[in-house]
Amino acid sequence: MGINCIKVAKRYGEPNRRALIEMELLDSSKRIASDTDYLFLPLVREPDDVEKRNLGDVEFLKHEFKEHEKAPTLEDLLGFMPHYEVIGDIALIEADDPDADRIGEALLRFHPHVNTVLGATSPVVGEFRVREFTLIAGIDKTETIHKEYGCRYAVDLAKAYFTPRLSTERERILSWIKPDDVVVDMFAGVGPYSILIAKKATPKKVIAIDKNPAAVEFLRRNVVLNSVDNVEVIEGDANLVTETETQGFASIASIADHVIMNLPHNAYDFLDSAVKFTKPGGMIHYYGMTHEDDLFDGSIGLIEAAAKRACREIEVLEKRTVRSYAPHQYNICIEARVA
C-alpha cells in the first residue's frame with residue numbers, strides 16, 4: 001500500500017528535502033527512494049494545504065520505502081556499556097576486566113578506525129607517569145597519532161602519558177592566551193597543551209618542559225608535525241631549569257604570562273619554580289588531586305605559601321573541578337594571578 005511521500009525531480013530533491021525537515025515532515029526512519037528521473041521523499045503524515053503550497057511543484061502520492069538499517073550500538077553488541085577511551089587508532093580498556101576479550105573484539109567492530117585494543121595492566125606510575133599494557137585485540141603496537149582540535153600528536157602510550165579526557169580542559173586554557181603572551185608548560189609531555197596553544201592562540205613563545213626523554217622526543221616530532229615555530233622544547237626537571245637560557249631571554253625566570261602546571265598528583269612540589277617563572281601580573285594554572293572535603297582551600301594555601309616565600313602575593317581568579325578521578329577524589333584547577 002505504501003506511505004505518503006512527495007515525488008520531485010532529482011535536481012530539486014535537496015531543497016525539498018531541507019524544506020521537509022524544517023516542516024518536520026520528513027520520515028527519517030525510511031530510506032529515500034528514486035528512479036531514473038525522480039526522488040521519492042517519505043513523509044511522517046499527509047501535509048495540510050498550507051504545507052502543500054509551501055512545497056510548490058511536487059506530486060503527492062504513496063510509495064513503498066525500505067527502513068533505514070540501524071547500526072548496532074556497542075551496548076547492543078555486548079549487552080552492557082564498557083569503560084574505554086580511544087587515542088588515535090588505539091582503544092584502551094582495563095586488562096583485568098573479565099569481558100576484556102569480548103570488549104576488544106566489539107571495539108574493533110564498532111570503531112572502524114580502531115586497529116588496536118590494549119588492556120592497561122598497571123596504573124599510571126613512576127617518575128615518567130606511564131602505564132604498562134597487554135594486547136587484547138588487533139595489531140600489537142603502542143604508538144599512534146591522535147587528532148584533537150585540528151592538532152596531531154604522535155605518542156607511544158607505553159613511553160609517555162597521554163589522555164584525551166582533558167581535551168575540553170586544554171581548549172579552556174587556550175581561551176586565556178593572547179598573541180603577545182609567553183607561556184611556560186612545566187610538564188609538557190608530548191605537547192597537548194603546548195602545541196594547541198602555539199597553533200591556535202599564536203602566542204609570542206611557548207616554552208615546553210619535560211624530563212621524560214621519550215616524551216620530549218615525541219614533543220619535538222609533534223612540533224614539526226603541526227608546523228609550529230613558536231615552541232621551544234627543553235628536556236629537564238622543571239625545578240632545575242629556572243635559570244636556563246632560552247631563545248630571546250637570559251633565563252626563564254619572571255618571563256611567563258601563563259604557567260601551566262598539569263601534574264595533578266604532585267604539582268605542589270614545583271610551586272616555588274612556578275612562581276619564579278611567572279612575571280608580575282602573570283597567571284599560574286595549577287592542577288591538583290584533592291578530596292571532596294577540601295577541594296580548593298588546601299591547594300590555594302600551598303600557592304599562597306610559595307608566593308610568600310618569594311615575597312609575592314596571589315589573587316585567585318578561578319577555581320573549578322575538572323573531573324572526578326576516584327571515589328571522593330577530584331582533579332581540580334586553580335587560576336591564580338601572581339603580583
Longest principal axis of the chain (C-alpha) makes with the long axis of helix 100-110 (C-alpha) an angle, in degrees to the nearest 10, of 60
If I fit a long axis through the Cα atoms of helix 213-225 and take the longest principal axis of the Cα atoms of the chain, what angle between them do I get, 0 to 90°, rounded to 10?
50
Regarding the range 165-338, what is the average projected area of its C-alpha convex hull, in nm²?
9.3
Of Lys141/Lys199; Lys205/Lys276; Lys159/Lys276; Lys7/Lys66, which sit over 19 Å apart, Cα to Cα?
Lys141/Lys199; Lys159/Lys276
Placing +1 at every Lys and Arg Cβ and -1 at every Asp and Glu Cβ, with all other atoms neutral, what dipole size does the range 165-338 have around its Cα centre, in debye to the nearest 20?
440
What is the order of Met1, Met23, Met81, fewest Cβ neighbours within 10 Å to most?
Met1, Met81, Met23
Taking the Cα centre of the range 74-141 as the origin, how large is its charge dipole in debye, to the nearest 20, when only Lys and Arg (+1) and Asp and Glu (-1) carry charge on their Cβ atoms?
200
Put in order of increasing Cβ neighbours within 10 Å, starting from the fewest, Met186, Met283, Met289 give Met289, Met283, Met186
Projected onto the charge dipole of the chain (+1 at Lys/Arg Cβ, -1 at Asp/Glu Cβ, origin at the Cα centre), which of Thr246, Leu108, Phe80 gives the Cα projection farthest towards the positive end?
Thr246
Pair-distance profile P(r), taking every C-alpha pair of the range 16-132, with 5 angstrom steps and integer %:
2, 9, 15, 13, 9, 6, 7, 9, 8, 8, 6, 4, 3, 1, 0
As I understand it, the value is the acute angle between the Cα axis of helix 297-309 and the longest principal axis of the Cα atoms of the chain; what does it come to in degrees, rounded to 10?
40
Taking each pair of different alpha-carbon atoms in the range 116-188 once, compute 1/r for the pair, average those values, and report the inverse of that mean as the Kirkwood hydrodynamic radius in Å to one decimal.
14.4
Here the averaged projected area of the range 3-63, based on the convex hull of its alpha-carbon atoms and given in nm², is 3.7
Using the Cα centre of the range 3-63 as the reference point, and only Cβ charges (+1 on K/R, -1 on D/E), how large is the resulting charge dipole? Debye, rounded to the nearest 20.
220
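A short reminder: the numbers here are calculations on the coordinates, not readings from a lab. Just so it is clear, the structure is predicted and the values come from calculations on it, not from any experiment. Because the Cβ atoms are built from the backbone with ideal geometry, glycine has one as well, and the counts that use them run over all protein chains shown.
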